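*Asks:* First the structure, which I've put down as structure tokens, then a few questions once you've had a look.
The values are calculated or read from the model by the stated rules, or taken from the named source; none is laboratory data. Nothing here was measured: the structure is a model prediction, and the numbers come from that model. For neighbour counting, all protein chains shown are included, and Cβ atoms are generated from backbone atoms with ideal geometry for every residue, glycine included.
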Amino acid sequence: MSPRARLVVLAACLVTGGLAILRAGPPAPRSADAPLHEFSAMRVHERLVSLLGDGSPHPVGSAANAAVRGRLVEQLRALGLSPEELPAFSCSATGSCAPVVNVLVRIPGTVPGPALLLASHFDSVPGGPGAADDGHGVGVVLESLRALLADGPPRTPLMAVFTDGEEAGLLGAHAFVKHPAFAEVGAVINIEARGTGGAARMFETSDGNAALISAYAAGAPRPSAQSLSYEVYRRLPNDTDLTVFKRAGAQGLGFAFIGDVRRYHTPLDDLAHLDLGSVQQQGDAVLGTARALLAAGVQAPAGNATYVDLLSLFVLRWPAALDLPLAGLALLTLLIAAWRTARRSSARTVSSEYVRSWPRAIAAAAGSTLLAALAGALASYVMLAAAGALTRPIGTWPAGLMLSLAAGATAASALAVLALRAVARRVGSRALALGTWIVWALLAGVLAVMLPGASILLIAPAVVAGLGLVLAGESTRGQTLACAAAGALAWCLWVPLLPALTEALGLNALVLGLLAGWTWTAASPALADAAGETHARRLAIALAIAALALGVAAAIAPRVTTELPAKLVFFELHDTATGETRHVLDTLIDIDGLPPEFMADPWRADTPLPWSGRTMYVSPPFDGEGGGPTYTQHTTTAQGGLHRITGTLKARPGALSMIVVMQADTVASLAVGGQMLEVANLQRGPDGARVLRLHGPPAEGIEIEAEVAGDAPWVLADMIPGLSDASTKLLTQRPFDRVPYQTGDARIGLRSIRP
Ligand SMILES: [Zn+2]
């Protein structure tokens with residue numbers, strides 16, 4: 001390839017990579033006076049201002065939860081709908097229970113058939129107001145319902161459920177799948193958030209998703225989705241309401257944005273931090289997909305799609321059954337091109353003094369892909385480790401996440417370019433292109449079998465390269481075009497993976513560098529400097545200089561800030577057995593930057609919560625508030641070696657949850673509020689303990705029935721949000737970049753009983 005041809009290939013890759021970064025974020029929110037058939041994030045904002053009221057956390061069972069539900073019902077009535085409130089006592093298999101009240105609306109279709117269900121949850125964690133998680137989801141469904149009603153009566157039946165108790169263990173969803181209305185549901189669109197901004201992605205789907213993906217592709221004006229994310233998500237322990245709906249037989253699509261995850265489940269998940277651009281992208285996608293599904297009807301699931309969005313412009317997709325044939329097509333065309341090249345050129349020498357046979361040249365080129373990926377991983381790892389060593393470790397979720405990502409990826413690029421150039425200048429562009437794309441095609445075939453959703457990222461560019469190179473024949477211009485087109489497609493698919501995977505899984509220097517190095521292989525024909533040329537070397541030097549500057553910036557950037565803080569929870573822990581109250585400080589592992597007085601005498605490290613094995617810091621006793629949960633035994637009858645007991649568990653007034661810790665092998669059967677629970681499935685605590693959680697415990701208490709062996713004690717705890725006046729001084733010592741998380745600060749009372 002001439003220097004100019006190489007520049008064309010390089011420019012094609014860099015420009016599409018840059019475009020991919022620019023297009024990776026959300027759009028601007030649409031104003032409140034946008035046309036009524038459109039989705040407007042500003043209208044959602046107005047709804048949330050009234051829905052969330054004073055911004056109190058509204059966990060299941062709280063008065064604030066009932067108030068939010070009341071305002072939700074009002075907003076639905078104002079849309080002309082007739083919301084139903086569905087109370088139920090719901091338990092998850094892992095032993096989390098609560099009285100929940102789901103809100104359901106049903107809009108009949110003009111043609112009977114399975115319904116489309118829009119789902120979001122209206123409860124929040126106790127530790128934050130849940131404006132994004134999942135207030136925005138409620139707002140998106142309300143605004144979508146408004147726009148859909150403006151279209152006239154839907155062809156397909158439409159439902160919306162606003163679940164309660166999602167944060168307590170998907171309890172509203174567990175209750176709703178038992179409700180008769182769920183039998184009418186064909187497909188679900190579920191809306192979630194983890195964090196307060198970032199691209200709104202369609203990240204989760206179900207088996208047989210081809211029709212759903214078609215609807216999404218047709219309906220989402222700025223799509224952000226790839227079948228890879230479903231493969232990744234399936235392997236993570238995270239669940240959403242959609243998981244429950246899917247297990248109960250529905251198909252579905254899951255939408256979420258996951259940026260600025262440090263605000264997730266904290267007081268900073270508030271309206272002020274909610275990115276309305278993310279809401280706009282989410283809402284556009286939900287409304288568009290719902291419109292497409294309502295028009296086409298909900299089809300029975302049939303066949304999976306493999307899909308990926310291109311620059312958020314459209315969704316490239318095909319039936320998953322075509323993955324292997326397409327990978328085969330790519331390989332076949334590339335082998336034909338390689339064979340032709342070898343045959344026509346065998347008489348001539350290869351444009352290199354080192355490699356004199358085409359098969360060897362192509363093999364060396366193929367090896368360069370591995371070399372580049374490893375060089376990238378090494379450089380990224382060294383860069384981020386060095387930046388951490390210079391100041392302090394960067395960690396998985398630094399406040400400057402994207403800065404650290406840029407430093408690692410640029411360092412990876414520098415070394416990968418250098419490694420690729422070393423091979424490229426020996427074997428030349430043509431061999432490099434063939435060798436590289438043959439590896440892509442082979443790996444595509446492997447992934448098509450092992451990780452099907454991911455294969456499209458390799459198949460699409462490899463097919464373009466194979467067809468392009470075969471069609472180009474001996475035309476150098478044609479070869480340049482084929483390399484530029486395949487490289488550009490590869491970069492527009494792979495570059496957005498770096499921020500997307502980092503957002504989803506946290507900063508991982510090795511993975512980041514590996515992906516960056518691999519992405520450069522698609523541009524490798526551009527790096528074949530001829531003898532005496534230094535273009536590619538100068539590119540590597542420029543990248544290295546940029547990486548150094550970014551590395552220094554990443555080293556000195558703060559790891560946490562007031563806007564992206566770390567977590568610190570204070571408890572007042574009262575033990576009714578000793579009568580003592582102590583402060584407990586839960587850092588959730590991240591102890592960096594804590595005032596040392598909390599971690600030294602007279603405080604001590606311990607595991608004070610009987611249901612958690614986590615090390616926390618415990619103060620000496622102070623003069624605090626007493627009290628705790630109570631248990632009243634009603635009956636006990638001996639039965640074989642077992643005691644059959646019934647009793648009432650009661651929390652203190654104001655408590656939002658109760659916890660019961662028991663030993664698995666001492667409880668043969670267990671029923672709570674009339675619901676049987678499998679003791680072996682209960683959440684595990686330390687030392688073989690099983691943990692039962694009761695959220696929103698009713699004032700009159702909750703009935704429990706069990707068959708117990710021996711007289712092993714149970715530990716009861718109740719948790720009241722907020723701290724007493726005795727902790728005012730302590731709260732002023734919370735560092736400015738630490739916020740409560742999840743449960744929030746709380747008073748805990750412990751009582752040991754023998755049932
Ligand atoms: Zn949520």
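*Asks:* Kindly provide the set of residues from the range 663-704 that are under 21 Å from V60 (Cβ atoms) and of a type in the set (D, E), ordered by number.
*Replies:* The answer is E700, E703.
*Asks:* Given the conditions (1) surrounded by 24 or more Cβ atoms within 10 Å (Cβ to Cβ); (2) farther than 15 Å from I336 by Cβ, which single one is not true for T476?
*Replies:* Against the list (1) surrounded by 24 or more Cβ atoms within 10 Å (Cβ to Cβ); (2) farther than 15 Å from I336 by Cβ, T476 comes up short only on (1).
*Asks:* Return yes or no: is G165 touching a residue at least 60 places away in the same chain (Cβ under 8 Å), crowded, with 24+ Cβ neighbours inside 10 Å and not in a helix (DSSP H, G or I)?
*Replies:* Details: touching a residue at least 60 places away in the same chain (Cβ under 8 Å): yes; crowded, with 24+ Cβ neighbours inside 10 Å: yes; not in a helix (DSSP H, G or I): yes.
The answer is yes for G165.
*Asks:* Given the conditions (1) under 20 Å from the mean Cα position of the chain (by Cα); (2) within 16 Å of the ligand (Cβ to nearest atom); (3) not in a helix (DSSP H, G or I), which single one is not true for A199?
*Replies:* Tallying (1) under 20 Å from the mean Cα position of the chain (by Cα); (2) within 16 Å of the ligand (Cβ to nearest atom); (3) not in a helix (DSSP H, G or I), A199 fails exactly one: (2).
*Asks:* Do the conditions hold for R6, that is, is it basic (K, R) and in the same structural domain as G219 (by TED's automatic domain parsing)? Outline the logic, then answer.
*Replies:* Working: basic (K, R): yes; in the same structural domain as G219 (by TED's automatic domain parsing): no.
Criteria not met by R6.
*Asks:* Looking only at the range 106-118, filter to residues that are in a strand (DSSP E or B) and over 23 Å from A32 (Cβ atoms); which one of those is nearest to the ligand (Cβ to nearest atom)?
*Replies:* Among those that are in a strand (DSSP E or B) and over 23 Å from A32 (Cβ atoms), it is L117.
*Asks:* Let me ask something else. Taking interchain pairs and intrachain pairs at least six residues apart, which have beta carbon atoms under 7 angstrom, with the first residue in the range 229-252 and closer than 17 Å to P114 by Cβ and touching a residue at least 24 places away in the same chain (Cβ under 8 Å) and the second in a helix (DSSP H, G or I) and within 15 Å of the ligand (Cβ to nearest atom)?
*Replies:* So the pair list comes out as F245/A173; G252/L242; G252/F245.
*Asks:* Would you check if V185 is touching a residue at least 60 places away in the same chain (Cβ under 8 Å), at negative phi and either in contact with a strand residue (DSSP E or B) (Cβ under 8 Å, 6 or more places away or on another chain) or away from the ligand (no atom under 12 Å from the Cβ) (or both)?
*Replies:* Judged against the criteria, V185 is a match.
*Asks:* In the range 746-755, which residues are in contact with a Phe, Trp or Tyr (Cβ under 7 Å, 6 or more places away or on another chain) and farther than 11 Å from L573 by Cα?
*Replies:* I753, P755
*Asks:* Could you tell me whether the range 528-538 includes any residue that is at pLDDT below 95 and buried (at least 24 other Cβ atoms within 10 Å of the Cβ)?
*Replies:* Yes, the range 528-538 contains at least one residue that is at pLDDT below 95 and buried (at least 24 other Cβ atoms within 10 Å of the Cβ).
*Asks:* I'd like to verify a number: residues in the range 622-647 that are in contact with a Lys or Arg (Cβ under 6 Å, 6 or more places away or on another chain) and either modelled with pLDDT of 90 or more or in a loop (DSSP other than H, G, I, E, B) (or both), how many? First the steps, then the outcome.
*Replies:* Within the range 622-647, the first condition is being in contact with a Lys or Arg (Cβ under 6 Å, 6 or more places away or on another chain), and the residues that meet it are 627-630, 637.
Now restrict to residues that are either modelled with pLDDT of 90 or more or in a loop (DSSP other than H, G, I, E, B) (or both): 627-630.
Final tally of qualifying residues: 4.
One line per residue, one yes/no per condition, for (1) assigned to a helix (DSSP H, G or I); (2) touching a Cys at 6+ places or on another chain (Cβ under 7 Å); (3) within 16 Å of the ligand (Cβ to nearest atom):
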residue: T94; (1), (2), (3): no, no, no
residue: C97; (1), (2), (3): no, yes, no
residue: S120; (1), (2), (3): no, no, yes
residue: P129; (1), (2), (3): no, no, yes
residue: L145; (1), (2), (3): yes, no, no
residue: G169; (1), (2), (3): no, no, yes
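*Asks:* Answer yes or no: is there a residue in the range 62-78 that is crowded, with 23+ Cβ neighbours inside 10 Å, assigned to a loop (DSSP other than H, G, I, E, B) and out of contact with any helix residue (DSSP H, G or I) (no Cβ under 7 Å at 6 or more places or on another chain).
*Replies:* No; the residues of the range 62-78 include none that is crowded, with 23+ Cβ neighbours inside 10 Å, assigned to a loop (DSSP other than H, G, I, E, B) and out of contact with any helix residue (DSSP H, G or I) (no Cβ under 7 Å at 6 or more places or on another chain).
*Asks:* Working carefully through the options N190, N238, N209, find the one that is of a type outside the set (G, A, S) and either outside the structural domain of G252 (by TED's automatic domain parsing) or more than 16 Å from the chain's Cα centre (by Cα) (or both).
*Replies:* Of the residues listed, the single one that is of a type outside the set (G, A, S) and either outside the structural domain of G252 (by TED's automatic domain parsing) or more than 16 Å from the chain's Cα centre (by Cα) (or both) is N209.
*Asks:* Another question, then. Which of (1) surrounded by fewer than 24 Cβ atoms within 10 Å (Cβ to Cβ); (2) part of a loop (DSSP other than H, G, I, E, B) does A295 not meet, given it meets every other one?
*Replies:* For A295, the failing item is (2).
*Asks:* Then there's this: How many residues are touching an Asp or Glu at 6+ places or on another chain (Cβ under 8 Å) and either assigned to a helix (DSSP H, G or I) or within 16 Å of the ligand (Cβ to nearest atom) (or both) when one looks only at the range 147-162?
*Replies:* Step one: of the range 147-162, the residues touching an Asp or Glu at 6+ places or on another chain (Cβ under 8 Å) are 147, 157, 159.
Next, only the ones that are either assigned to a helix (DSSP H, G or I) or within 16 Å of the ligand (Cβ to nearest atom) (or both) stay: 147.
Residues meeting the conditions: 1.
*Asks:* Test of understanding: among L489, L405, L457, which residue is outside the structural domain of S206 (by TED's automatic domain parsing) and under 28 Å from I545 (Cβ atoms)? Can you show your working first?
*Replies:* Numbers: L489 fails: under 28 Å from I545 (Cβ atoms); L457 fails: under 28 Å from I545 (Cβ atoms).
Sole residue among the options that is outside the structural domain of S206 (by TED's automatic domain parsing) and under 28 Å from I545 (Cβ atoms): L405.
*Asks:* While we're on this one: Looking only at the range 298-311, which residues are buried (at least 24 other Cβ atoms within 10 Å of the Cβ) and within 16 Å of G25 (Cβ to Cβ)?
*Replies:* D309, the sole residue that qualifies.
*Asks:* Within the range 247-256, can one find any residue that is buried (at least 21 other Cβ atoms within 10 Å of the Cβ), at pLDDT 95 or above, touching a Gly at 6+ places or on another chain (Cβ under 8 Å) and not assigned by TED's automatic domain parsing to the domain that holds S455?
*Replies:* First, the residues of the range 247-256 that are buried (at least 21 other Cβ atoms within 10 Å of the Cβ): 250-256.
Pick out the ones that are also at pLDDT 95 or above and you get 250-256.
Add one more test, that the residue is touching a Gly at 6+ places or on another chain (Cβ under 8 Å), and what stays is 250-251.
Right, trim to not assigned by TED's automatic domain parsing to the domain that holds S455 and you get 250-251.
Yes, there is a match, as at least one residue in the range 247-256 is buried (at least 21 other Cβ atoms within 10 Å of the Cβ), at pLDDT 95 or above, touching a Gly at 6+ places or on another chain (Cβ under 8 Å) and not assigned by TED's automatic domain parsing to the domain that holds S455.
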